[in-house]
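The values are calculated or read from the model by the stated rules, or taken from the named source; none is laboratory data. Bear in mind the structure is a predicted one, so any value in this text is a computation, not a measurement. Glycine gets a Cβ as well: all are built from the backbone with ideal geometry, and neighbour counts include every protein chain shown.
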Amino acid sequence: MKPSRVPKGKNAPAVGQAGLLSHEDLVSALLDNNFTVAFIKDSEFKYVYMSAPSRTLVGRKSNDSLGHSDFDQYNADLAKVIREQDTGVMQTGRPLCLTESLRHDGGEVRHWTTFKFRYTNEFGQPFLVGIALDVTERVVAERKAKEYAAFLENALEGVSKLSADGTYLTCNTAYASMLGREASELVGLHWTVSAHPEDVPKTTLLYKSMLVNGRAEGRCRGLRKDGTTFIKQVLLLVDRDDDGTLLGHYCFARDVTQEENDRREFEECRAKLRQLEQKLAAA
């Protein structure tokens with residue numbers, strides 16, 4: 001594999017009125033002005049090139065890292081891991097691409113997607129070329145998403161997420177079971193399928209209150225797939241992005257039918273006791 005050549009003289013690419021831009025300058029500018037960590041090491045695993053983000057990673061402002069190995073840049077454990085990877089690539093000639101978690105100085109763990117390959121120049125000299133991208137934010141976000149999904153699925157209460165237009169995006173098993181449905185059935189349906197028709201106006205008022213106050217709580221009648229009804233306690237929480245744009249809302253719900261029946265029976269018994277007390281007092 002030979003390095004590409006750029007035409008010289010009048011055939012060379014021009015950059016505006018500033019004159020000519022060499023191939024090396026262009027590549028260096030591209031690598032220095034993005035978030036990608038790029039580097040080249042010689043056969044002794046010493047740096048011969050480091051992009052600006054790569055120098056920032058090791059706390060260098062200039063090219064004073066050149067001529068040094070990873071053992072001069074990182075802690076011994078991290079440097080050992082990197083050296084083992086580099087040795088494998090150089091010995092086998094097979095490119096390496098992986099996402100890994102590395103503990104940096106100070107104990108911070110960062111997640112990287114790294115691509116390394118062996119390059120041999122026209123003089124037969126082997127080099128290790130590497131490109132790495134910090135994917136810590138993506139990995140953390142994916143982990144939180146999995147944790148959230150596990151929370152939804154195992155929550156004792158019913159939990160659902162709805163879009164800005166009121167259609168179900170997702171829900172846990174407890175929520176779907178409360179409505180006599182499978183979770184997959186609800187996706188794409190409007191929330192009104194889960195509300196007693198006579199209580200739709202009441203639930204709509206709760207929704208409007210949530211939009212104003214960020215949350216709303218109340219009781220209303222729910223509607224199961226088979227047409228039977230029950231009483232549910234709902235908590236609505238609004239979901240907006242950083243600009244305040246409505247993304248949808250979360251609905252936490254539980255079946256309180258038995259609780260409501262017990263309350264009504266208690267109220268009826270108390271009312272009867274009051275009537276009895278009044279009759280006794282009159283006698």
Given the conditions (1) within 17 Å of VAL159 (Cα to Cα); (2) without any contact (Cβ under 8 Å) to a residue 12 or more places away in the chain, report the number of the one that GLY244 does not fulfil.
(1)
Looking at this structure, is GLU217 among the acidic types (Asp, Glu) and assigned by TED's automatic domain parsing to the domain that holds GLU157?
yes
Taking segment 44-65 and keeping only residues that are under 14 Å from LEU128 (Cβ atoms), at pLDDT 80 or above and surrounded by 12 or more Cβ atoms within 10 Å (Cβ to Cβ), one is left with PHE45, LYS46, TYR47, VAL48, TYR49, MET50
Exactly one of (1) under 31 Å from the mean Cα position of the chain (by Cα); (2) among the hydroxyl-bearing types (Ser, Thr, Tyr); (3) surrounded by fewer than 10 Cβ atoms within 10 Å (Cβ to Cβ) is unmet by THR228. Its number?
(1)
Within segment 220-241, which residues are without any contact (Cβ under 8 Å) to a residue 12 or more places away in the chain and either not charged (D, E, K, R) or not assigned by TED's automatic domain parsing to the domain that holds VAL193 (or both)?
GLY227
Confirm whether TYR207 is in the same structural domain as THR228 (by TED's automatic domain parsing), in contact with a strand residue (DSSP E or B) (Cβ under 6 Å, 6 or more places away or on another chain) and either at pLDDT below 95 or surrounded by 14 or more Cβ atoms within 10 Å (Cβ to Cβ) (or both).
no
Complete set of residues in segment 170-215 that are over 17 Å from SER160 (Cβ atoms) and of a type in the set (Gly, Ala, Ser):
SER209, GLY214
